Amino acid sequence: MTTTPDFIVPANTITPANQPDTLQPQLAVSARNVVRQFGQRKVLDGLNLDIKAGEFVALLGRSGCGKTTLLRSLVGIDQVSSGTLTMAPQRAAVFQEPRLMLWKRAWRNVALGVRKPNLKQLALDALAEVGLSERAEAWPATLSGGEAQRVALARALVREPQLLLLDEPFAALDALTRIRMHQLILALWQKHKPAVLLVTHDVDEALLLADRILVLADGKVAAEIPNTAARPRHADDPALQRKRRELLGLLGVEEAAPFVASSAEASQPITAHTPPERVAA
Amino acid sequence: MSLSLPQTGLPNSSAAPRWRIQARHFSGLSRFASPLVLLVIWEVASRTGLLPAHIIAAPTSIVSTFADMVASGELPRHLWVSLARVAKGLALSITLGTVLALVAGLSRKGELIVDAPLQMLRTLPFLALVPLFILWFGIGEAPKLALITFGTIFPVYLNLYSGIRSIDSKLIEAGISLGLSRSELITHVILPGALPSFLVGLRYALGIGWLSLVVVEQINATEGIGYLVGSARDFMRTDIIVVCLLVYSLLGLLTDALVRLIERHALAWRPSFLRS
Ligand SMILES: Nc1ncnc2c1ncn2[C@@H]1O[C@H](COP(=O)(O)OP(=O)(O)OP(=O)(O)O)[C@@H](O)[C@H]1O
Ligand SMILES: [Mg+2]
């Protein structure tokens, strides 16, 4: 049966343009002149992008510049208007929200859609990899934000993706959980070596994790910064600090923005209704 | 300063519940007192002949009729027939309603084809269709089932349809990105997600099912609670009529308990159930 275009549930079709077999084996993603427009507005406008197999790429860009749009096309839940987009056939995605089926226990969420024998064991193994063995039977509504996101990660891992797509997966987590998730992602990436495309708003996150950082602007990859420093990396590494400033400049943020802000604050006149001791504290 | 507040509050707060419990006891008794008095008056009026049995039977004779009907197996037999009728009608309306809700809920074309006519039919008072259904389906089992089905399909369809439409589209996208086929999407994502709304519909449908028995089983029936009422009327057996009325209301109570039981099991994943 062919998919009817009026179906509200979008059909998971692969357009002739993104048949996996046209992809070179060493590439996980290849995009040529990709355009995605909503009405007259071109959100992606002639985008070119290659991601090598096993490469960790971070994608930065202002809010609304089309990062999620690109990722949705790569996942296969959205199609491009023109151009060619080819990607590895085994793909999995984790989004900002865990998107778990609340009516399925954690391990069943992980196993959902997997067509292999010994499903439960595979799901439990994947949950063990993200450190959630003991929560396998939990209902998603009882999981903390970080746990739910780890279940979503296990659900992606169990599919053994060649391309792992992450759309701000840590954005809703607290700072400490985020640091642990960074370590987890890196460990899993080093073990399984999928190509990773990580969308993030956090420049430090991109610098700590990625081999290559892309900046998306005007519907294209506007800048590309290789980031090959040895791992483990530390945010206070001067080389990373330099790249950080460069990236912030590319993103249109004033150089050393936090410093400017704090010095401006310090030079503010003390007004009558703010007691001096509180400012000192 | 703030410490003294709870101290002064303590004696008051320990005294208050005791007083409230007494009040509740009292109101609980008075709640039953008035109906009891009415029952006694009713009984006395019946015994003295003030209230003749063809108007309404005495409470004691209703109770003994009920016991007789249960003991003789008459009431269980008719009840069983009625239950089977509602079950068959519901099975039909749930199947049909689910299919229609899926068609309307999942595609725009389906919505145009299915939803508009159903929304129009919904406004018909379905019991007024009895004459038409008799002409169409005769006077056997068919019009009875058809009427129960027709009456119960709307709550099933409407609730399931709105349940399907209110499923988070992100979950459907997640299902697609996990490689689910369309039928897997329906069974693993769409129907379970719409289940809470469906159960609301089911509760209404059961209520309507009992209600339709009253009318349906007066159509040339030889069995069923509705038939019992009809024949009791012919013989002016007000005791049997009241027994049947009590059965109807018991069925209503049972329905609520049943649906709540289903909810507890099928919706165990819901945050509201998990917390309790
Ligand atoms: N279905 C749609 N219809 C119309 N416009 C859309 C649609 N989806 C996205 N857009 C528009 O496309 C632009 C890019 O959206 P997108 O979600 O890709 O941004 P983003 O880079 O992910 O932003 P953020 O960092 O805030 O998540 C936005 O201006 C958005 O309004
Ligand atoms: Mg986005």
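The values are calculated or read from the model by the stated rules, or taken from the named source; none is laboratory data. Nothing here was measured: the structure is a model prediction, and the numbers come from that model. Don't worry about glycine lacking a Cβ; one is built from the backbone with ideal geometry, like all the others, and counts go over all protein chains shown.
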Next item on the list: For region A:51-65, indicate whether the set of residues that are over 20 Å from residue A:168 (Cα atoms) and more than 16 Å from ligand 2 (Cβ to nearest atom) is non-empty.
Entry: yes
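Please tell me if residue A:36 is assigned by TED's automatic domain parsing to the domain that holds residue A:246, within 16 Å of ligand 1 (Cβ to nearest atom) and either surrounded by 18 or more Cβ atoms within 10 Å (Cβ to Cβ) or at pLDDT 95 or above (or both).
Against the criterion (assigned by TED's automatic domain parsing to the domain that holds residue A:246, within 16 Å of ligand 1 (Cβ to nearest atom) and either surrounded by 18 or more Cβ atoms within 10 Å (Cβ to Cβ) or at pLDDT 95 or above (or both)), residue A:36 qualifies.
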Notebook entry, point to check: Considering only region A:66-83, how many residues are of a type in the set (Gly, Ala, Ser) and within 12 Å of ligand 2 (Cβ to nearest atom)?
Noted result: 1
Notebook entry, point to check: Considering A:223, A:210, A:206, which residue is within 16 Å of ligand 2 (Cβ to nearest atom) and either within 30 Å of residue A:37 (Cβ to Cβ) or of a type in the set (S, T, N, Q) (or both)?
Noted result: A:206
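Go through region B:30-87 residue by residue and tally those that are of a type in the set (Phe, Trp, Tyr), in contact with a helix residue (DSSP H, G or I) (Cβ under 7 Å, 6 or more places away or on another chain) and free of Cβ contacts under 8 Å to residues at least 24 places away in the same chain.
Of the residues in that region, 1 qualify.
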Note to self: Quick check on my filter: what residues within region B:143-186 are among the polar types (S, T, N, Q) and within 26 Å of the chain's Cα centre (by Cα)?
What the structure shows: B:149, B:152, B:159, B:162, B:166
Margin query: Quick check on residue A:224: is it modelled with pLDDT of 90 or more, not hydrophobic (A, V, I, L, M, F, W, C) and not in a loop (DSSP other than H, G, I, E, B)?
Written below: yes
Check: Looking only at region A:39-55, which residues are more than 9 Å from ligand 1 (Cβ to nearest atom), part of a loop (DSSP other than H, G, I, E, B) and either free of Cβ contacts under 8 Å to residues at least 60 places away in the same chain or within 14 Å of another protein chain (Cβ to nearest Cβ) (or both)?
Finding: A:40
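Yes/no per residue for (1) surrounded by fewer than 20 Cβ atoms within 10 Å (Cβ to Cβ); (2) in contact with a Lys or Arg (Cβ under 9 Å, 6 or more places away or on another chain):
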residue	(1), (2)
A:48	yes, yes
A:87	no, no
A:126	no, yes
A:131	yes, yes
Next item on the list: Check residue A:74 against each of (1) in the same structural domain as residue A:52 (by TED's automatic domain parsing); (2) touching a helix residue (DSSP H, G or I) at 6+ places or on another chain (Cβ under 7 Å); (3) surrounded by 19 or more Cβ atoms within 10 Å (Cβ to Cβ) and name the one condition it does not meet.
Entry: (2)
Note to self: Suppose the filter is within 14 Å of another protein chain (Cβ to nearest Cβ), within 16 Å of the chain's Cα centre (by Cα) and part of a helix (DSSP H, G or I); does residue A:172 pass it?
What the structure shows: no
Item checked: Unmet requirement for residue A:112, which otherwise passes all of (1) closer than 21 Å to residue A:165 by Cα; (2) within 16 Å of ligand 2 (Cβ to nearest atom) -> (2)
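Restricting to region A:132-150, count the residues that are away from chain B (no Cβ under 12 Å) and in contact (Cβ under 8 Å) with a residue 12 or more places away in the chain.
Kept after step one, since they are away from chain B (no Cβ under 12 Å), are these residues of region A:132-150: A:132-136, A:144-150.
If we keep only those that are in contact (Cβ under 8 Å) with a residue 12 or more places away in the chain too, we end up with A:132, A:135-136, A:145-150.
Selection size over region A:132-150: 9.
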Checklist line | Candidate set from region B:166-218 (those that are polar (S, T, N, Q) and more than 21 Å from residue B:271 (Cβ to Cβ)); member that is farthest from the other protein chains (Cβ to nearest Cβ) | finding: B:218
Item checked: Residue that is farthest from ligand 1 (Cβ to nearest atom), among those in region A:186-210 that are part of a loop (DSSP other than H, G, I, E, B) and crowded, with 17+ Cβ neighbours inside 10 Å -> A:194
Notebook entry, point to check: Could you give every pair whose Cβ atoms fall below 7 Å, whose first residue belongs to region A:61-84 and is within 7 Å of ligand 1 (Cβ to nearest atom), and whose second residue is part of a helix (DSSP H, G or I) and at pLDDT 95 or above, counting only separations of at least 6 or pairs across chains?
Noted result: A:61/A:67
